[in-house]
Amino acid sequence: MMTDLVKKYLSINRFSHLHSEFEGAFLSHPNYPSLYAITDSLSLLSIENIAVKIPKEQFIELPENFLAIYQDGIVLVSKTLTSIAVLTEDGKKKNLTFNEFISDWNQIVIAIEPNPILKNNSKKTSSKWYLSILPCIALISLSLFFNSYSLEALLLLLTSIIGLIFGIFVLQEKLGITNEVASKLCSLNLNTSCNSVIKSNRSDINKWVDFSDLPLLFFSISVLSILINPKDSAILVSFLSLSAIPIIAYSIWLQKFELKKWCVLCLLISSVILLQSLFFVLLTTSFVNIMSVNSFGVLFSGIVLSSLWFLVKPILTQKIKFEREANELTRFKRDYKIFKFLSKDIPTVKGLDVLKGLSFGDAKSKVQITIIISPSCVHCHKAFQEAYELIKKFPERVSLNVLFNINPENDNNPYKIVVESLLVINNLIPDKVEEAIVDWHINKMELEVWKQKWVVEHTDMSVNHQIYEQYQWCLKNQFNYTPVKIVNNQMFPNEYEINELKYFLNDFSNENRENLALAQA
């Protein structure tokens, strides 16, 4: 998949910690899965990138790794002095000479600046891995300690664990969850396609069960039952593997003659089951033993794990379905034309430019946010925090102007002193106003605590005038509510949150350039 290809490129350039954020931004982009969707998503994450068409003569000057359009598809290129390795979207790797690559290359490349800060997330990743596998290791250790294992039981436990891993890969492929190991196995050559086989209608048994469920259930039941009762369960598991040979034969026939594609994962699972069948033939003394074994472990494991899986499966399927639908809806919401359509003009814009509030960020930025808030408004905390985080993440692209809507004549308002103090601090010690407003709206200090730290006893006439002017301008526009959100002198749509403005930063920049070009024409 294209997403995996870009994520691999991000890892090469030390941006592994942004994998999930990139995937979310890319899959929900209105232009998905275009080249622009990739570059725009990278820009959204503040990763410096460029998509450019260069002359073939300059190919040798390109970095060691980059994305390129090759044979009408996006590939990840790894370049040395003598050869080129190309990784395609379906996980296939090709080694080419310079001439072979250049002949099918359309000269377009996408390159990013490597991360100068090495983010060490390996400890976090390994910690999560240990936490998930630790209970399994503990369960196996307890079983090995309290039970005596024959050679057959040990071999069947080991092969069942391997089969369970392959079964999980099959399930991930069925649900559309990408796995790098599975992707490599499933794209060994042109005749292999796990996706075609696993998602085929021929793999459905009924509306509740399909073939992708069987490996997961069979091997998980096998593992648990052997851990409970190694001796008897090993015999039953190997016998069930022998009984499953007709299903394996049907699976191979289906892949060979009907679907005409091979599922490597399915073949690996079949190999594990055949190996377990061989254990029964070689290590079990006679079929009579089957009648005398204790089947409690297998029956208990089968009932518990089957019930659990058929309870979890619809929840998991629905979750994945909802995530895909959410991405599709977000693509619609992230369409700049929709955003502009929902943005309305300010009823009376005159006078806005002379209102003096608290300013943060670069005043020359292409995106200028104005929020009109009240210190007593709970929703204003969120509006300020989202706008503040936006200017911190994109300091050169976004600026923030904070105005206030409070009645200057209402001396009974206990929060009036917050606004007065903020405006005085802004006039006298502007370096401290950011900390003061963050303490109020983000740290959410109690009024008395905030006053002890920041209150200014005496306010001058200019501050009172500022509060009056801002209040009067709000009255003219009938802004009898807070927060009021304005972006580039237009009302910010109620259908959006301020933090979603990050999706349109490039659109604002492009629009600004177009307007500038028209003005100069």
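For the chain, the relative contact order works out to 13 percent when only alpha carbon pairs closer than 8 Å and six or more residues apart are counted. What you get for region 345-520, charging only the Cβ of Lys and Arg (+1) and of Asp and Glu (-1), is a dipole of about 200 debye around the Cα centre. Ranking of I372, I303, I248 by neighbouring Cβ atoms within 10 Å, starting from the fewest: I303, I248, I372. For the chain, the cysteines with no partner cysteine C-beta closer than 4.7 Å are C136, C474. Residues of the chain were split at every exposed loop site, defined as chymotrypsin sites (Phe, Trp or Tyr not before Pro) in a DSSP loop with at most 10 other C-beta atoms within 10 angstrom, and the longest piece left, sites excluded, is 288-521.
For region 30-77, the direction-averaged projected area of the alpha-carbon convex hull comes to 4.0 nm². Comparing Cα centroids, region 457-491 and region 330-356 end up 18 angstrom apart.
Structural size metrics of region 245-359, computed from C-alpha coordinates, are Rg and Dmax of 30.6, 96 Å. Which net charge results for the neighbourhood of N106, defined as the other residues with beta-carbon distances under 9 angstrom from its beta-carbon, given Lys and Arg at +1 and Asp and Glu at -1? Here the charged neighbours net out to -1. Note on H379, H441: ascending count of other Cβ atoms within 10 Å places them as H379, H441, the fewest first. Every Cα-Cα pair in region 2-112 was counted, and those over 19 Å apart are 40% of them. Near K92, which aspartates and glutamates are there with a Cα under 12 Å away, not counting those fewer than 8 places off in the same chain? Within reach: E180. Principal axis extents of the C-alpha atoms in the chain (largest first, rounded to whole Å): 102, 63, 41.
Can you tell me, using C-alpha contacts under 8 Å and at least 6 residues apart, the relative contact order of region 345-520 as a whole percent?
Reported relative contact order: 34 percent.
Restricting to the chain, compute how many DSSP beta bridges are antiparallel as a %, nearest 5.
Around 80 percent antiparallel, to the nearest 5.
A Stokes-Einstein calculation at 4 °C with viscosity 1.567 mPa s, built on the Kirkwood radius of region 328-480 over Cα pairs, returns a diffusion coefficient of 78 µm²/s.
Shown for the chain are the DSSP H helices of 20 Å or more along their axis, judged by Cα atoms, with a mean Kyte-Doolittle hydropathy of at least 0.5: 122-146, 151-175, 213-228, 264-283. Value of Rg to Rh for region 150-328, rounded to two decimals, is 1.00; Kirkwood radius and Rg both from alpha-carbon coordinates.
Since every read-out is calculated from the coordinates, none of them should be taken as a lab result. Since the structure is predicted, the reported quantities are computational estimates derived from the model, not experimental observations. Positions of Cβ are generated from backbone atoms using ideal geometry, with glycine treated the same way; all protein chains shown enter the neighbour counts.
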